[in-house]
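Novice: Dropping the structure in here first, questions after.
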Amino acid sequence: MKFIHNVLVAALLLTGSSIVFAQEAPTADAKAPAAIETKDVPVAAECGCECAAFKPEFNLTIDAATDYACDGFIINPDPVTSIDFSMAIKNFYVGVWGQYDWTNYQDESMGYDNSRKNNFEEIDYYAGYFYTIPDGAGFTDLTIDAGFAYFDYPTVSHDNWGNDHNEEWALKFQLGNMLDSEIQTLTAAAELDYDTECDYGYGQFDLNYSRELCEKTTLQVGTSLFWGTPRKMQAQADDNDLGWGIRSIVCEIGVDYAVSEDMTITPYIGASYLPQDNVRQYTRSNDDVDSNTWGGLKASYNF
């Protein structure tokens, strides 16, 4: 794993800098963007030759954001850059995602090692398999996606926190386009996650809408509701009396512009609402976090 980490760091520095989805510092409460999306995993192209389905396809996404937002929570209020690189072969996919902290916001007081300045505050390695059942929902396709992710926090100081990584299993069910339209799509998804390190579960419900505005421009609107089990909610608010609840409600709006057949640029904005008062107050205890809004510019390239 250390070798993979070194290779990733070198590759990301050479390349340069869900909608975003990452990590709450030491409690490892968050996961990489879901962002409303989350990872842009390419699907093998269809053609007459069966072997073409086994041809690997790659995606590189660079996201420059005003804040590091995960599941509607602002983890880092300073500008950050995330880089996601993934490969898909037929229905299998693997990838690595990294979040770079330009301002060294995560210092010792946050549980991080202050001696490692301007470094990746989080690197996630993920893999999974998905299968689509045509008309599996009766009125549209149903896709089932099972995955595993290893979250590594390179700058965490063991002197302050004993948890420098997390491991999660995820199961996702997604409905295909529910609109009978050539220029609009409406999809829905439900995801269940289990954190093996912290021993708690949580999940989310997504509803995403897109509309083609012109030949190269598409409007994207995504909403998500994040919920948690009692253990997750208690960790989120440092309150042992909390039970099952809604962690956050998130909305992101972006506009995809197709620079070419393989490259898309997306400016976006996002905002979240935390319905639990204890969770909201705990978040506001960090004086640097004064809002739950963010924005950014994302570039995605398939090859």
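The values are calculated or read from the model by the stated rules, or taken from the named source; none is laboratory data. These figures come from a predicted structure and were not determined experimentally. Methodologically, a virtual Cβ is constructed for each residue, glycine included, from the backbone with ideal geometry; neighbour enumeration extends over all protein chains shown.
Novice: Which one of 224, 210 is in a strand (DSSP E or B), under 27 Å from residue 105 (Cβ atoms) and of a type outside the set (Asp, Glu)? Can you show your working first?
Specialist: On the way: 210 fails: under 27 Å from residue 105 (Cβ atoms).
Result of the check over 224, 210: 224.
Novice: Right, here's the next one. Report, by residue number, each residue of the range 170-226 that is among the β-branched types (Val, Ile, Thr) and either farther than 18 Å from residue 146 by Cα or buried (at least 16 other Cβ atoms within 10 Å of the Cβ) (or both). It would help to see each step written out before you state the result.
Specialist: First pass over the range 170-226, keeping only residues among the β-branched types (Val, Ile, Thr): 183, 185, 187, 196, 217-218, 221, 223.
Listed by number, the residues that qualify are 183, 185, 187, 217, 218, 221, 223.
Novice: Here's another thing I want to ask about it. Here are some conditions: (1) crowded, with 17+ Cβ neighbours inside 10 Å; (2) modelled with pLDDT of 95 or more; (3) among the aliphatic types (A, V, I, L, M). Residue 144 meets all but one. Which one does it not meet?
Specialist: Checking residue 144 against (1) crowded, with 17+ Cβ neighbours inside 10 Å; (2) modelled with pLDDT of 95 or more; (3) among the aliphatic types (A, V, I, L, M), the one that fails is (1).
Novice: At pLDDT below 95 and under 15 Å from the mean Cα position of the chain (by Cα), is that true of residue 150? Lay out the reasoning, then the answer.
Specialist: Working: at pLDDT below 95: no; under 15 Å from the mean Cα position of the chain (by Cα): yes.
Answer is no for this residue.
Novice: Taking interchain pairs and intrachain pairs at least six residues apart, which have beta carbon atoms under 7 angstrom, with the first residue in the range 262-282 and part of a strand (DSSP E or B) and the second basic (Lys, Arg)?
Specialist: If the second residue must be basic (Lys, Arg), the pairs left are 266/298; 268/298.
Novice: When you scan the range 189-196, do you find a residue that is in a loop (DSSP other than H, G, I, E, B) and out of contact with any helix residue (DSSP H, G or I) (no Cβ under 8 Å at 6 or more places or on another chain), even just one? Step through it out loud before you land on a result.
Specialist: Step one: filter the range 189-196 for residues in a loop (DSSP other than H, G, I, E, B), giving 196.
Narrowing the set further to residues that are out of contact with any helix residue (DSSP H, G or I) (no Cβ under 8 Å at 6 or more places or on another chain) leaves 196.
There is at least one residue in the range 189-196 that is in a loop (DSSP other than H, G, I, E, B) and out of contact with any helix residue (DSSP H, G or I) (no Cβ under 8 Å at 6 or more places or on another chain).
Novice: Continuing with the same structure: Taking into account only those residues within the range 91-114 that are part of a loop (DSSP other than H, G, I, E, B) and modelled with pLDDT under 60, which is nearest to residue 155 (Cα to Cα)? Give the derivation first.
Specialist: Taking the range 91-114 and keeping what is part of a loop (DSSP other than H, G, I, E, B), we get 91, 102-107, 111, 113-114.
Still in the running and modelled with pLDDT under 60: 111, 113-114.
Details: 111: 9, 113: 5, 114: 8 Å.
Among residues in the range 91-114 that are part of a loop (DSSP other than H, G, I, E, B) and modelled with pLDDT under 60, the one nearest to residue 155 (Cα to Cα) is 113.
Okay, residues lined up against (1) surrounded by fewer than 16 Cβ atoms within 10 Å (Cβ to Cβ); (2) out of contact with any strand residue (DSSP E or B) (no Cβ under 9 Å at 6 or more places or on another chain):
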site: 235; (1), (2): no, no
site: 239; (1), (2): yes, yes
site: 243; (1), (2): yes, yes
site: 259; (1), (2): yes, no
site: 271; (1), (2): no, no
site: 279; (1), (2): no, no
site: 294; (1), (2): no, no
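Novice: Consider residue 175 carefully, then state whether it is touching a Gly at 6+ places or on another chain (Cβ under 7 Å), at pLDDT 95 or above and farther than 24 Å from residue 197 by Cα.
Specialist: Details: touching a Gly at 6+ places or on another chain (Cβ under 7 Å): no; at pLDDT 95 or above: yes; farther than 24 Å from residue 197 by Cα: yes.
So residue 175 does not fit the description; no.
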